[in-house]
Amino acid sequence: MNITKQLTSCALAFAACCLAASGATPPQLRIARFAGDRAAAISYTFDDGLRDQYTLAVPMLNEAGFKGTFFVIPGHVAPSIEEAERKQDAKRAWGGITWPELREMAGQGHEIASHTWSHRALPKLAPEEVDAELAKAFDAIKTRIGRPPLTLAFPFNQSTPETKAAVLKYHVASRDYQTGVGGGKTTVEWLENWTDKQVRDRAWGIIMAHGIGRGYAAFTDPEILRDHFRHVKGRAHEIWVDTFANVARYVKERDNARLVVSSPIPGRLVCVLSSTLEPAVYNVPLTLVIEAPVVTSARAKRAGGELPVRVVPGAIQIDAAPDKDPITVTWH
Ligand SMILES: [Zn+2]
């Protein structure tokens, strides 16, 4: 049992103890596994900055209302559209997106993340070369996009404990597993089965794509990706789609959080959801769930402000980032 569960259990046990005398049922409070208390999470990640990711994948993501993560190689990003097109036709079509296009994508809410400066296999490099690959990419993205890259995908998905530790000097997370898509195997049915499995396993599924309509690992038909997005969008009640950085931070916050409940009575509860993580970075709201079978309305307040609250069948959901101030929830 981890510390969060222990503390939550203690709080619930305390609540149960106090309420036993009154004969009332204590409200049960927990941190949801994923945002919105959904069964699974999916992050769509796109590597190497191939041109079709901008021309095809981004419009499809926007149509579905999804935010994607683009692991780009700053040392290879195209300086102009002419150069981008030329790159797309090269054998290694790295960097077919331009900086203005990446800025546009960031402005739409997509994550522009690091795939290192020049896509060298990090385990083969000396520590100072690894640091240079990470630092140059970090600085270039921060300067060109206006915000630092929060996460990184390893070139060739190759890493060691040492390179993973080096990455955490600059980023909140590295992509340590993924499902590669593209080519003949990736049909609509294959993607549907994969999606079912994420829900069944209550997993965080991470898709890795390269080419979309052209280039390596392209889909046999780009519309396969659009169909898949529509399928997943139709399952929004059970699947949370968000950027790699947002899900990574949610998971880290969730696993680090301390949830202490005081004075829970039917219709009212006060809790503190805190964390030892850096609040300026780890500010993705966690979903708190109160199991309250018959509720018509609910409110949650913290430090004088209202928090987002949803009343769903049998439960109240509150979105709150870890913070020192107590949260007061009332419902009837
Ligand atoms: Zn790559």
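All told, Val188 falls short of being more than 16 Å from the ligand (Cβ to nearest atom), touching a Lys or Arg at 6+ places or on another chain (Cβ under 8 Å) and open to solvent by 20 Å² or more (accessible area, probe 1.4 Å).
In the set (1) without any contact (Cβ under 8 Å) to a residue 60 or more places away in the chain; (2) crowded, with 16+ Cβ neighbours inside 10 Å; (3) part of a helix (DSSP H, G or I); (4) of a type outside the set (Ser, Thr, Tyr), the condition left unmet by His171 is number (3). Can you name every residue in region 247-295 that is of a type in the set (Lys, Arg) and either buried (at least 22 other Cβ atoms within 10 Å of the Cβ) or free of Cβ contacts under 8 Å to residues at least 60 places away in the same chain (or both)? Selection gives Arg249 alone. Here Ile141, Ile97, Ile81, Ile112 are screened, and the one residue that is at pLDDT below 95 and within 16 Å of the ligand (Cβ to nearest atom) is Ile97. On the given criteria, is Lys136 within 23 Å of Val281 (Cβ to Cβ) and either within 16 Å of the ligand (Cβ to nearest atom) or in contact (Cβ under 8 Å) with a residue 24 or more places away in the chain (or both)? Yes: the conditions hold for Lys136. Considering the conditions (1) of a type in the set (Val, Ile, Thr); (2) under 23 Å from Asp48 (Cα atoms); (3) open to solvent by less than 20 Å² (accessible area, probe 1.4 Å), Val241 is excluded by exactly one of them, (3). Remark: pairs (first residue in region 146-160, free of Cβ contacts under 8 Å to residues at least 60 places away in the same chain and on the phi > 0 side of the Ramachandran plot; second residue within 14 Å of the ligand (Cβ to nearest atom) and small (Gly, Ala, Ser); Cβ separation under 6 Å; 6+ apart in sequence or on different chains) = Phe156/Ala121. Of everything in region 144-162 that's within 19 Å of Lys252 (Cβ to Cβ) and within 16 Å of the ligand (Cβ to nearest atom), which residue is farthest from the chain's Cα centre (by Cα)? This residue is Ser159. Residues satisfying the criterion are absent from region 120-137 (criterion: under 29 Å from Arg230 (Cβ atoms) and of a type outside the set (Ser, Thr, Tyr)).
The values are calculated or read from the model by the stated rules, or taken from the named source; none is laboratory data. Please read these numbers as outputs of a predicted model, since none were measured by experiment. Here Cβ is always computed from backbone atoms with ideal geometry, including for glycine, and neighbour counts include all displayed protein chains. Just the protein is used for accessible areas: all its heavy atoms, side chains included, with ligands, DNA and RNA removed. Shrake-Rupley method; radii C 1.70, N 1.55, O 1.52, S 1.80 Å.
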